[in-house]
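*Asks:* Can you read through this structure? Questions will come right after.
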Amino acid sequence: MLLWSVWSVTLLLTALEAAEEDDVRAGCSTAVNDLVYIVDGSWSVGFSDFDTAKQWLINITSQFDISSHYTQVAVIQYSDTPRLEIPLGKHQGGAELIQAIQSITYLGGNTQTGRAIKFAVNHVFSSSQRANLVKNRIAVVVTDGKSQDDVVDASMEARAQGVTVFAVGVGSEITTSELVSIANKPSSTYVLYAEDYTTIDRIRDSMEQKLCEESVCPTRIPVASRDEKGFELMVGMNIQKKAKKIPGSLVSETAYTLTASTDITENTREIFPEGLPPSYVFVATVRLKGTSSKLPFDLWRVLSKDKEIQAAVTLSGKDKAVTFTTTSMTEKEQRVTFKAGFQSLYDGKWHQLKLLVRPRHVTGFLDDQQIQEVMLDPVEPIYINGETQVSKRRGTSVTVPVEIQKLRLYCDPHQSERETACEIYSV
Ligand SMILES: *[C@@H]1O[C@H](CO)[C@@H](O)[C@H](O)[C@H]1NC(C)=O
């Protein structure tokens with residue numbers, strides 16, 4: 001009897017712990033999306049390519065946790081008319097959904113893409129049982145040909161209803177201008193092309209990353225003439241409010257100086273409400289003098305409630321190294337250290353440090369020069385119930401004085417090529 005109650009208490013505790021964990025790890029898999037696939041089933045596709053299209057949809061869905069709490073998926077196949085193959089929220093669990101997608105039978109017919117989009121907006125998204133909870137409403141239109149009806153009105157209606165539309169064009173029969181009008185702007189983000197169905201697997205990573213960015217990067221950073229998805233930490237972390245303004249690397253630039261008494265700490269939930277995307281670009285323009293050029297410190301870190309590192313960029317002037325820490329599926333955390341190439345970062349002048357983080361590797365740059373690429377083990381979503389901090393001594397909450405001009409995370413890995421270090425005089 002006693003044994004039994006100890007056992008059940010243990011079970012109960014484990015269940016509680018698990019519930020709490022579920023609640024706070026956030027990333028793509030836990031995004032709250034209504035995701036609707038609108039897939040071309042016209043004659044031009046053919047039986048075998050239609051099967052490939054289904055497999056591709058299954059593949060790009062695998063990064064999401066399919067459940068009533070997180071992502072719900074619907075599938076519409078269309079030709080002359082749209083057919084609702086899988087209603088939103090019908091399947092709880094990935095395995096069931098995969099089976100349902102696999103058993104969709106090919107329709108055949110003409111291509112009325114506009115009509116299918118209208119159907120998705122008016123009958124599928126609107127039927128969601130959790131309209132108030134859903135964070136992102138996303139449609140992915142996969143087509144291989146020119147539509148026989150108008151797509152402009154339907155797509156405008158989708159946007160008016162807050163639905164983000166991706167257009168995936170397959171093969172040589174597609175019309176670029178049509179895909180551009182179907183998709184959201186900028187088309188460089190929302191339009192994807194595959195040469196044919198046999199090579200559609202090549203745009204899988206790109207599609208997964210974009211779906212993920214859409215899910216976990218709610219904010220935009222104005223850069224040049226475009227808005228990039230990302231996190232402007234100078235503002236989000238209140239650095240501009242809490243630290244003193246100083247002249248930056250160029251006359252046109254402003255920077256901020258953190259003293260030992262400046263505490264830059266925010267709740268991670270406020271900064272990264274949906275966690276971090278699988279790929280991102282970390283950019284920091286800093287000047288390291290005194291302590292910050294000697295002692296190791298975390299320029300940026302995300303901590304769990306128990307102060308375990310979920311993500312961090314650590315600078316160490318003593319050994320002229322830069323260390324990136326992230327989560328790991330198998331260990332408590334994983335760290336990679338760039339040992340060579342970052343010497344000048346510690347020379348007391350302004351420099352731009354950039355880390356391009358990808359699912360399986362991280363690349364370090366200094367003032368636009370690529371330093372090194374290092375492999376990573378698979379990572380886990382981060383805990384968001386702790387704090388995010390800037391310029392803290394490793395393992396403590398002590399601020400290390402530092403001068404910061406730029407501190408950002410871009411969600412699109414391609415921003416790594418666009419983001420130049422032209423604010424650095426020598427570049
Ligand atoms: C789906 O993923 C599997 C396993 O990664 C891969 O072998 C296959 O080519 C992919 N298929 C498509 C159509 O993307």
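We did not get these values from a lab; they are worked out from the coordinates using the rules stated. Fair warning: this is a prediction, and the values are worked out from it, not measured in the lab. Glycine also receives a Cβ, built like all others from the backbone with ideal geometry; neighbour counts cover every protein chain displayed.
*Asks:* Can you pull the Kirkwood radius for region 321-427, inverse mean 1/r over Cα pairs, to one decimal in Å?
*Replies:* 15.5 Å is the Kirkwood radius here.
*Asks:* For the chain, what is the charge dipole size about the Cα centre, in debye to the nearest 20, if Lys and Arg each add +1 at the Cβ and Asp and Glu each add -1 at the Cβ?
*Replies:* 1740 debye
*Asks:* Give me the percent of DSSP beta bridges within the chain that run antiparallel, rounded to the nearest 5.
*Replies:* 75 percent
*Asks:* For residue 307, go through the lysines and keep the ones whose alpha-carbon is under 22 Å away, minus same-chain ones fewer than eight residues off.
*Replies:* Within reach: 332, 392.
*Asks:* Still on this structure, please answer the following. In region 34-83, what is the volume of the convex hull around the alpha carbon atoms, normalised per residue and reported in Å³?
*Replies:* Enclosed volume per residue, from the Cα hull, is 66 Å³.
*Asks:* Using +1 on the beta carbon of Lys and Arg, -1 on that of Asp and Glu, and nothing else charged, what's the dipole of region 251-397 about the Cα centre, debye to 20?
*Replies:* The calculation lands at about 500 debye.
*Asks:* So, in Å, what gap is there between the alpha-carbon centers of region 161-234 and region 314-335?
*Replies:* Their Cα centres are 32 Å away from one another.
*Asks:* Let me ask another. Let me check against my output: what whole-number percent is the relative contact order of region 25-216, with C-alpha pairs under 8 Å and at least 6 apart?
*Replies:* For region 25-216, the relative contact order is 24 percent.
*Asks:* If I take the Cα coordinates of region 25-216 and project them onto the principal axes, what are the three extents in Å, biggest first?
*Replies:* That works out to 43, 33, 28 Å along the principal axes.
*Asks:* Gain in length, residue 196 to residue 48, computed as 0.36 nm per residue apart minus the alpha-carbon separation, to one decimal in nm?
*Replies:* 52.1 nm
*Asks:* Right, next: With the Cα gyration tensor of region 224-418 giving a ≥ b ≥ c as the square roots of its eigenvalues, does the rule (a/c under 1.5 for rounded; else a/b larger than b/c for prolate; else oblate) give rounded, prolate or oblate?
*Replies:* rounded
*Asks:* Lone cysteines in the chain, defined as no other cysteine's Cβ under 4.7 Å from theirs: which are they?
*Replies:* Those would be 422, since no other cysteine Cβ in the chain comes under 4.7 Å of theirs.
*Asks:* Sequence neighbours fewer than 8 away in the same chain don't count; with that in mind, list the aspartates and glutamates whose C-alpha is under 13 Å from residue 90.
*Replies:* The reachable aspartates and glutamates, counting only those whose Cα sits under 13 Å from residue 90, are 34.
*Asks:* Got a sec? Charge dipole of region 25-216, +1 on Cβ for Lys and Arg, -1 for Asp and Glu; which of 102, 200, 154 is way out at the positive end?
*Replies:* 154
*Asks:* Given a cut-off of under 8 Å on Cα pairs at least six residues apart, what relative contact order in percent is computed for region 343-405?
*Replies:* Relative contact order here is 18 percent.
*Asks:* Would you be so kind as to identify which of 225, 288, 385 lies farthest towards the positive end of the dipole of the chain, taking Lys and Arg as +1 and Asp and Glu as -1 on Cβ and the Cα centre as origin?
*Replies:* 288
*Asks:* Treat every Asp and Glu Cβ in region 25-216 as -1 and every Lys and Arg Cβ as +1, leave all other atoms uncharged, and give the resulting dipole magnitude about the Cα centre to the nearest 20 debye.
*Replies:* Result for region 25-216 is approximately 660 debye, rounded to the nearest 20.
*Asks:* Roughly what would the spin-label model give for residue 153 and residue 335, points 7 Å off Cα along C-beta, in nm?
*Replies:* 6.2 nm
*Asks:* Label-point separation (nm) for residue 177 and residue 240, each offset 7 Å from Cα along Cα-to-Cβ?
*Replies:* 4.0 nm
*Asks:* Looking at 209, 175, 237, which one has the Cα that reaches farthest to the positive end of the dipole of the chain (charges on Cβ: Lys, Arg +1; Asp, Glu -1)?
*Replies:* 237
*Asks:* Holding the Cα-Cα limit at 24 Å, pick out from 229/320; 135/354; 229/406 the pairs that are longer than that.
*Replies:* Beyond 24 Å between Cα atoms: 229/320; 135/354.
*Asks:* Mind listing P(r) for the chain? All alpha-carbon pairs, 10 Å bins, whole percents.
*Replies:* 4, 20, 27, 21, 16, 9, 2, 0
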